[in-house]
Amino acid sequence: MDESYDNEDDFDYEDAYEKLNGMLAALNDRERLVIESKHGLKGKSARTFREIAVDLNLSAERVRQIEAAALLKAGLPADVRS
């Protein structure tokens, strides 16, 4: 009997995509931009807080705060947010 297990076989990409879009829809435009940029969503490369801050004319710390608030607002569990 083969004991190997491939998690990819059980992963529902369509469901995950729908959940992600639902979470992003709860955010305002700036929060969504920060999350998408920081985490490389929508086909973009992941960027640093500093890179995002330059684009938004904010400090890197303020971008970090926006990301933290957005993740909380999106309803992500605390262990994912940290």
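The numbers here are math on the coordinates, done by the rules we state, and not lab data. Just so it is clear, the model here is predicted, and its values are computed rather than measured. Methodologically, a virtual Cβ is constructed for each residue, glycine included, from the backbone with ideal geometry; neighbour enumeration extends over all protein chains shown.
Just the C-alpha atoms of segment 29-82: what Rg/Rh do they give, with Rh taken as the Kirkwood radius?
With Rh from the inverse mean 1/r over Cα pairs, Rg/Rh is 0.95.
What order do you get for S37, S45 when you list them from fewest to most C-beta neighbours inside 10 Å?
S45, S37
Please work out how much length the chain gains when fully extended from R62 to Y17, using 0.36 nm per residue of separation minus the C-alpha to C-alpha distance, in nm with one decimal.
Contour length minus Cα-Cα distance gives 13.4 nm.
Compute the FRET efficiency between L24 and A46 as 1/(1 + (r/R0)^6), taking r as their Cβ-Cβ distance and R0 = 22 Å, and round to the nearest 0.05.
Given R0 = 22 Å and the Cβ-Cβ separation, E is 0.90.
Taking the Cβ of D12 as the center, what net charge do the other residues with Cβ under 10 Å away carry, scoring Lys and Arg +1 and Asp and Glu -1?
-3
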